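Peer 1: After the structure tokens below, expect a handful of questions from me.
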Amino acid sequence: MERSHLDRDENAVVIINKRQTVRVPAAMVAVMLLGPGTRVTHGAIRLLADSGTTVCWVGEQGVRMYAAGLGPSRGAGLLHRQAWLVTRPKERLAVARAMYSMRFPGEDVSTLTMQQLRGREGTRIRKYYRAQADRTGVTWNGRVYKAGDAFAAGDDLNRLLSAANAALYGICHAVIIGLGASPGLGFVHTGKATSFVLDIADLYKAEFTIPLAFDLAAQGLTEERDARLGLRDLIARDKLLSRIVTDVKSLLTPEGTDFDDPEANLLWDEHLGTVPGGTNYAAHADLSEHGMSDHHIAVIGPDINDTEPTP
């Protein structure tokens, strides 16, 4: 939504502007993109949060995302698992290979390096663009994209691709946050706050956004809204949302992985792992179990800003 007011009417979310009032079934919406000129009430955000709807603040035409609200997950187990995988080269490479194997069904990528995987992906996607051009009769002159402003460069087909991809990023972002994972800890992409979003979205572009853009261009439908609505219909038809949930979980927690994601208030401890939070430990601090006793001496130095000599 852009240039509209988002409010709450009893148990419904409503979008209001000078032309119309639209009631939104919040419980059935995965992600709401709030564009420029948007005003939002506290009640509306609370209802969306209670419904598990992710709220993202985006730029013009939904191209850039500036911020996102907290998803329905309150556990950190999946996030810890993701961080563990992404910080270990062997495990990170295994996840990246699993992602590429989903794009190359029937091919063995278990021994390929990242350089080889990137090269194979580049060749595959180039052939796929040409195949879509032959199928639809739409002229394809190559992908043109300007970072930060995807609609400022390229022809109608390129702009349709950018619009459809932006909507796909929003959906993937909603799933990742909803599951409690980090959108920034990517395995193939890195360096962006949405690196993992880009990783996951790449799994579906060849199946959804690329053929959709070529089909729309062949029909003469070149507006950004055409791409967004077209992708929305495909998502509903093919149940993509639940598929993304399954794929993210299978990548981060493959079959046989022991994983539990409870919502817990814990404190980290270098010896015990974790201890319960919400407890004052000053009154019953016992250091003996950590190898410390009355035979140990604690030495505390002077304040670093203290210029007086120590007696």
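Peer 1: Mind checking which residues of the stretch 89-131 are more than 14 Å from Lys205 (Cα to Cα) and acidic (Asp, Glu)?
Peer 2: Residues satisfying the conditions are Glu91, Glu107, Asp108.
Peer 1: Go through (1) in contact (Cβ under 8 Å) with a residue 12 or more places away in the chain; (2) within 19 Å of Ala166 (Cα to Cα) for Gly43 and report which single condition fails.
Peer 2: If we test Gly43 against (1) in contact (Cβ under 8 Å) with a residue 12 or more places away in the chain; (2) within 19 Å of Ala166 (Cα to Cα), just (2) comes out false.
Peer 1: Shifting gears a bit: What pairs come out if I take residues in the stretch 167-184 that are modelled with pLDDT of 85 or more and of a type in the set (S, T, N, Q) and pair them with residues that are open to solvent by 20 Å² or more (accessible area, probe 1.4 Å) and not in a loop (DSSP other than H, G, I, E, B) whose C-beta lies under 6 Å away, six or more apart or interchain?
Peer 2: Ser182/Leu79
Peer 1: Just checking, how many residues over the stretch 178-210 are under 15 Å from Arg92 (Cα atoms) and among the hydrophobic types (A, V, I, L, M, F, W, C)?
Peer 2: Residues that pass the stated criteria total 5.
Peer 1: Restricting attention to the stretch 51-82, report how many residues are at pLDDT 85 or above and open to solvent by 50 Å² or more (accessible area, probe 1.4 Å).
Peer 2: 3
Peer 1: With the structure loaded, tell me whether Phe196 is closer than 23 Å to Gly52 by Cα, surrounded by 20 or more Cβ atoms within 10 Å (Cβ to Cβ) and touching a residue at least 60 places away in the same chain (Cβ under 8 Å) or whether it fails that test.
Peer 2: Against the criterion (closer than 23 Å to Gly52 by Cα, surrounded by 20 or more Cβ atoms within 10 Å (Cβ to Cβ) and touching a residue at least 60 places away in the same chain (Cβ under 8 Å)), Phe196 qualifies.
Peer 1: Additional query: Say we look at the stretch 85-109 and pick out the residues that are open to solvent by 40 Å² or more (accessible area, probe 1.4 Å), assigned to a helix (DSSP H, G or I) and not hydrophobic (A, V, I, L, M, F, W, C); which of these is farthest from Thr190 (Cα to Cα)?
Peer 2: Checked the stretch 85-109; the qualifying residue farthest from Thr190 (Cα to Cα) is Ser101.
Peer 1: Among the listed residues Ser182, Ser162, which satisfies the condition of being of a type in the set (Ser, Thr, Tyr), open to solvent by less than 30 Å² (accessible area, probe 1.4 Å), in a helix (DSSP H, G or I) and within 29 Å of Ala98 (Cα to Cα)?
Peer 2: So the residue among Ser182, Ser162 that is of a type in the set (Ser, Thr, Tyr), open to solvent by less than 30 Å² (accessible area, probe 1.4 Å), in a helix (DSSP H, G or I) and within 29 Å of Ala98 (Cα to Cα) is Ser162.
Peer 1: OK, next. Is there a residue in the stretch 110-120 that is crowded, with 18+ Cβ neighbours inside 10 Å and more than 18 Å from Pro211 (Cα to Cα)?
Peer 2: Yes; the residues of the stretch 110-120 include at least one that is crowded, with 18+ Cβ neighbours inside 10 Å and more than 18 Å from Pro211 (Cα to Cα).
The values are calculated or read from the model by the stated rules, or taken from the named source; none is laboratory data. As the structure is a prediction and not an experimental result, all values here were calculated from the model. Glycine gets a Cβ as well: all are built from the backbone with ideal geometry, and neighbour counts include every protein chain shown. Areas reflect the complete protein model, heavy atoms only, side chains present, ligands, DNA and RNA absent. Shrake-Rupley method; radii C 1.70, N 1.55, O 1.52, S 1.80 Å.
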